[in-house]
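Comments concern the structure below.
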Amino acid sequence: MKAMTGLLSASLLLLALPGCRRREAKDMVVAAPTAAAASDPHAGLGGGADPHAGKPRMEAVVKVPEAVQARWKRMRIAILDLSAKKEATYVVTAGSDFTIPGSDLTLRTLAIVPDFTMDAGVISSKSNEANNPAAQVTLTEGGRQIFRGWLFARFPETHPFEHPRYALRLIEVL
């Protein structure tokens with residue numbers, strides 16, 4: 001009898017679980033893919049090799065508090081010329097274009113966050129301290145966007161910019 005009661009309880013639990021999953025999925029808010037996301041496999045959060053290449057990606061929403069934007073307006077970035085084996089550092093201001101010397105590459109900083117966090121598709125800063133510095137950038141070559149993603153000072157291997165001649169590394173946010 002105890003075995004039957006246990007079996008009945010387990011069966012009811014299994015029947016209830018799919019209903020819970022459906023309710024959770026119904027309550028989720030999903031952003032529509034952007035035009036850039038549909039045509040650019042590097043759109044969205046990262047820009048490295050994408051296991052979902054060719055499929056539209058959902059663009060995360062970036063919401064940086066005004067106090068954070070007011071304090072963090074620049075970043076120091078290292079640019080490594082792989083062919084010449086030379087590294088140079090530059091300070092780049094958010095919202096401005098920076099042409100990498102000796103190249104046809106233009107870097108634009110879209111957002112700077114000192115304490116990167118992502119929750120429910122919203123990217124922001126947990127605090128106004130440089131605990132997890134990140135910068136959202138785009139790179140164009142010959143006027144064509146070749147990268148859109150985030151550079152992380154503490155985790156440079158996450159969604160790295162890949163190019164045959166240049167490598168980028170976020171050093172710090174300023």
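The values are calculated or read from the model by the stated rules, or taken from the named source; none is laboratory data. Computed from a prediction, not measured in an experiment: that's the story for all the values here. Methodologically, a virtual Cβ is constructed for each residue, glycine included, from the backbone with ideal geometry; neighbour enumeration extends over all protein chains shown.
Cβ-Cβ distance below 8 Å, separation of 6 or more or different chains: which pairs start in segment 92-105 with a residue that is within 16 Å of residue 145 (Cβ to Cβ) and end on one that is part of a loop (DSSP other than H, G, I, E, B) and of a type outside the set (Asp, Glu)? If the second residue must be part of a loop (DSSP other than H, G, I, E, B) and of a type outside the set (Asp, Glu), the pairs left are 103/165; 104/142; 105/163.
If I filter segment 121-129 for residues that are farther than 20 Å from residue 62 by Cα, at pLDDT 95 or above and either within 19 Å of the chain's Cα centre (by Cα) or surrounded by 13 or more Cβ atoms within 10 Å (Cβ to Cβ) (or both), do I get at least one hit? No. Taken over segment 62-80, the criterion of being crowded, with 18+ Cβ neighbours inside 10 Å and of a type outside the set (A, V, I, L, M) is satisfied by 72 alone. A residue that is assigned to a loop (DSSP other than H, G, I, E, B), touching a residue at least 12 places away in the same chain (Cβ under 8 Å) and more than 21 Å from residue 67 (Cβ to Cβ) cannot be found anywhere in segment 122-139.
For segment 81-91, residues that are surrounded by 13 or more Cβ atoms within 10 Å (Cβ to Cβ) and either among the polar types (S, T, N, Q) or free of Cβ contacts under 8 Å to residues at least 40 places away in the same chain (or both) total 1. Of all the residues in segment 142-171, those that are surrounded by fewer than 16 Cβ atoms within 10 Å (Cβ to Cβ) and either under 11 Å from the mean Cα position of the chain (by Cα) or in a strand (DSSP E or B) (or both) number 3.
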